[in-house]
Structure formats: C-alpha cells, structure tokens
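The values are calculated or read from the model by the stated rules, or taken from the named source; none is laboratory data. What you see is a predicted model; the values in this text were computed from it and never measured. No Cβ is skipped: glycine too gets one built from the backbone with ideal geometry, and neighbour counts run over all protein chains shown. Remember, those area values only see protein heavy atoms, side chains included, never the ligands or the DNA or RNA. Shrake-Rupley method; radii C 1.70, N 1.55, O 1.52, S 1.80 Å.
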Amino acid sequence: YEKFIIQYHVWPGCNYYEYQECFWVQPYLDQFLTLLVTYKPQIITLLGAHIHHIEVMAPVSKTVTGLNAVQVILPAISPVYGNNPGYGVLEIDDSTWKVRDLSFSFFQLEDYYRMGVTMWRDLDLQQ
C-alpha cells in the first residue's frame, strides 16, 4: 500500500470560538468519514487549518463506525484572531511511515509588542 497524508484547509468538525460552527454538512461529512475508515491502513495522519490555533483530535461520528485517526489542526502565521503566529514540523519515519515527531514554534507577540523582544517558543508533542 502507498501511504498518504490528507491535508485540507477547512477540517471536518466543529469549532467553538464565539459560537459553535460546524464546517462540513451532511451527507458530505459521512462520505468523507467513510473514506477514512476504508483507507485507514494507508493514511498517515490528517492535517487541517482554518481556526488559527493548534488542536490535536480524533474525528468522531454517531453514524460512521470504525474511525481511528489523528487529526492535527495547524497554527496560522497570521495573528488575526489574537493568536501567536506559528508553524509546525512533522517528522515521518521513512521505514514505518508513522509519525515520529510533531513540533511547533510560536512567535511571542506580546513580548515583541511590550519589550521589542523577538522570541520564539517551541512545543514538541513527543515531550
């Protein structure tokens, strides 16, 4: 089997920023989740964006059974919603095709605005 990463901007799920907003509608959501179950052995991970901050989650469904995937919502480089700009680095083991490490770096805007200090903070999910 060939392995692959599914990447999308607007991810299947709901966001709770100021109110609940579900991004995908039926029946498209169930069709997509059924594909995730069907091709689970080939999927390395799922990468999404859109909400400007990081989240690591597992998709759930009341109608599609057998889901077992990790979905990572990546940070934005734009501070539009008050978040610190950030980026992620995904390491994949080239022999097993499994995620070896996932780390993020974030620019500390408040330190920059208050003190003029350019500072990055790192988050490594392996630690």
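When you scan the range 17-32, do you find a residue that is of a type outside the set (Ser, Thr, Tyr), in a loop (DSSP other than H, G, I, E, B) and under 24 Å from residue 124 (Cα atoms), even just one?
The answer is no; no qualifying residue exists.
Just the residues that are under 16 Å from residue 40 (Cβ atoms), assigned to a strand (DSSP E or B) and of a type in the set (Val, Ile, Thr), please, taken from the range 55-103.
The answer is 99, and nothing else.
Exactly one of (1) β-branched (Val, Ile, Thr); (2) touching a residue at least 60 places away in the same chain (Cβ under 8 Å); (3) in contact with an Asp or Glu (Cβ under 6 Å, 6 or more places away or on another chain) is unmet by residue 64. Its number?
Status for residue 64: all satisfied but (2).
Residue 75: touching a residue at least 40 places away in the same chain (Cβ under 8 Å) and either surrounded by 11 or more Cβ atoms within 10 Å (Cβ to Cβ) or not small (Gly, Ala, Ser) (or both), yes or no?
Answer is no for this residue.
Which of the residues belonging to the range 78-105 are in contact with an Asp or Glu (Cβ under 9 Å, 6 or more places away or on another chain) and open to solvent by less than 40 Å² (accessible area, probe 1.4 Å)?
101, 102, 103, 104, 105
Exactly one condition in (1) surrounded by 16 or more Cβ atoms within 10 Å (Cβ to Cβ); (2) farther than 22 Å from residue 39 by Cα is false for residue 120; which is it?
Going through (1) surrounded by 16 or more Cβ atoms within 10 Å (Cβ to Cβ); (2) farther than 22 Å from residue 39 by Cα one by one, residue 120 breaks only (1).
Could you tell me which residue of the range 1-44 is least open to solvent (accessible area, probe 1.4 Å), considering only residues that are under 18 Å from residue 67 (Cβ atoms), in contact with a His (Cβ under 9 Å, 6 or more places away or on another chain) and in contact (Cβ under 8 Å) with a residue 40 or more places away in the chain?
Looking at residues that are under 18 Å from residue 67 (Cβ atoms), in contact with a His (Cβ under 9 Å, 6 or more places away or on another chain) and in contact (Cβ under 8 Å) with a residue 40 or more places away in the chain, I get 11.
Consider residue 97 carefully, then state whether it is touching a residue at least 12 places away in the same chain (Cβ under 8 Å) and over 16 Å from residue 5 (Cβ atoms).
no
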